[in-house]
Amino acid sequence: MAITPLMPVYPRCGVRPVRGEHCHLIDEDGTKYLDFASGIAVNLLGHSHPGLIGAIQKQAETLMHVSNLYGSPQGEKLAQMLVDNTFADTVFFTNSGAEAVETAIKTARAYHQSAGNEHKHELITFTNAFHGRTMATISASNQTKMHHGFQPLLEGFRYCEFDDLEMATSLIGPNTAGFLVEPIQGEGGIRPASNEFMQGLRALADEHDLMLALDEVQCGVARTGTLYAYEQYGIVPDIVATAKGIGGGFPLGACLATEKAARGMTFGTHGSTYGGNPLAMAAGTAVMEAVANDDFLAEVSEKGERIRARLEQFIGNYPDLFELVRGKGLMLGIKMKVESRPFFVHLRDNHELLMVAAGDNTLRLLPPLVIGDAEIDEFFEKLSAGAADYEIPQAS
Ligand SMILES: Cc1ncc(COP(=O)(O)O)c(C=O)c1O
């Protein structure tokens with residue numbers, strides 16, 4: 001048999017982690033890596049946070065799973081924390097980011113269709129977006145590489161140039177239900193939308209009674225120095241999809257919505273067997289207890305600014321390699337002048353530094369939010385050494 005037991009959809013590398021210690025991953029051969037990828041913006045409390053481990057252990061011993069047919073004191077507690085700390089009035093829990101975005105799409109459609117506007121089903125989405133790998137979420141992205149082999153796509157998405165308010169305005173038609181946008185594109189290359197763009201989308205949504213749905217799966221949950229990135233744009237969304245960091249490593253996502261936006265999400269319209277189960281709720285509650293406070297958020301901003309300032313100085317030493325630094329908080333990207341992927345492989349294989357490559361030749365820094373000075377220094381040592389001994393591969 002040629003096929004591997006793990007369906008071969010990932011080009012997996014040779015790093016095979018078996019243990020995590022705070023901001024490091026240890027491979028099965030004992031090699032220790034500095035983890036500035038955090039499972040792609042997931043392990044925001046690092047790999048061995050006692051509060052998170054304790055909460056999961058305790059809940060596992062007490063009650064792991066019950067059906068959503070029963071009342072959920074655990075779910076009510078976490079939903080209330082999210083409601084208290086965000087724009088939202090109500091929360092639907094999922095197990096992943098794609099499901100959270102899927103719920104956001106359904107919520108936006110149902111807002112209109114539950115009021116008798118059956119034709120309003122189109123969402124305006126943005127170039128180079130990444131919303132997940134379900135049929136709806138790949139359809140929401142213009143990235144054709146994700147579409148191959150999976151046609152026909154779900155209809156009802158109109159692609160607009162990211163950060164282009166004029167084009168977004170021109171795409172609004174009688175069938176438009178709303179916008180779906182990442183305030184800071186992650187996979188697309190750590191590209192923050194401009195304030196004018198985000199505020200413009202809000203104004204358009206108000207003017208045309210459209211839903212402004214944000215995908216904060218990667219940029220949400222304290223990553224950018226506020227609990228959610230929308231806060232930094234001075235806007236209030238209608239719907240937000242969140243996941244990744246919210247479980248700190250436990251599979252958890254959520255769709256947050258205002259009461260108005262959720263008017264179509266009534267009994268029987270949506271569901272999930274696992275969504276919001278007690279174990280996931282314990283993980284999410286532990287994460288929120290750790291991050292949803294001013295001190296923690298201020299530290300993320302401060303560390304982000306410090307790393308950014310050092311990065312900006314550092315890239316000046318290698319003008320042939322690096323172009324610029326962008327992002328917010330601890331969601332940072334270094335746009336390279338050469339292909340970013342081989343450099344990221346070089347850092348991983350020769351300097352034990354784990355980062356993530358992204359679109360637009362960008363190297364992503366997504367460290368655990370709990371990094372300290374020692375890990376920041378270690379990062380710069382590895383990055384400097386990696387830049388110093390890098391040989392740019394010659395195009396064949
Ligand atoms: C912005 C964004 N949305 C959605 C997703 C999909 O999340 P998941 O892989 O948990 O389904 C991701 C994952 O990278 C993401 O970055």
Set of aspartates and glutamates with alpha-carbon distance to residue 244 below 17 Å, sequence-local pairs under 8 removed:
35, 99, 102, 182, 187, 215, 216, 289
From the helices alone, meaning DSSP H stretches of at least four residues, give me the mean residue ellipticity at 222 nm for the chain, per-run term -39500 (n - 2.57), in deg cm²/dmol to the nearest 500.
-11000 deg cm²/dmol
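Over the range 42-193, what relative contact order in percent results from Cα pairs under 8 Å that are six or more residues apart?
Details: 161 pairs, mean separation 29.9, N = 152.
Reported as a whole number, the value is 20 percent.
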So if I take the centroid of the Cα atoms in the range 77-104 and the same for the range 315-391, what is the distance between those two points in Å?
32 Å
Which order do 114, 194 fall in if you start with the one that has the fewest other Cβ atoms within 10 Å?
194, 114
Within a Gaussian network of the chain (alpha carbon springs, distance under 10 Å), most fluctuating of 16, 133, 341
16
Counting DSSP beta bridges with both partners in the chain, what percentage is antiparallel, nearest 5?
65 percent
Let me know the Kirkwood hydrodynamic radius for the chain, please, with Cα pairs as the basis and the value in Å to one decimal.
21.8 Å
With +1 on each Lys and Arg Cβ and -1 on each Asp and Glu Cβ, how big is the dipole of the chain about its Cα centre, in debye rounded to the nearest 20?
780 debye
Hey, what angle do you get for helix 195-208 against the long axis of the chain, alpha-carbon based, 0 to 90 degrees rounded to 10?
10 degrees
Would you list 274, 33, 10, 228 from fewest to most Cβ contacts within 10 Å?
10, 274, 33, 228
Per residue, what volume in Å³ does the Cα convex hull of the range 223-367 take up?
159 Å³
Go from 0 up to the bin containing the longest alpha carbon distance in the range 136-266, width 5 Å each, and give me the % of pairs per bin.
2, 10, 18, 22, 22, 16, 8, 2, 0
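Going by how many other Cβ atoms sit within 10 Å of their own, how do 58, 303, 244 line up, fewest first?
58, 303, 244
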Counting only DSSP loop positions in the range 329-396, the GluC sites (Glu not before Pro) whose Cβ has at most 10 other Cβ atoms within 10 Å are 391
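No lab work stands behind these numbers, since they all come straight from the coordinates. These numbers were taken from a predicted model, which means no experiment stands behind them. Cβ sites come from the backbone with ideal geometry, for glycine too, and all protein chains shown count toward neighbours.
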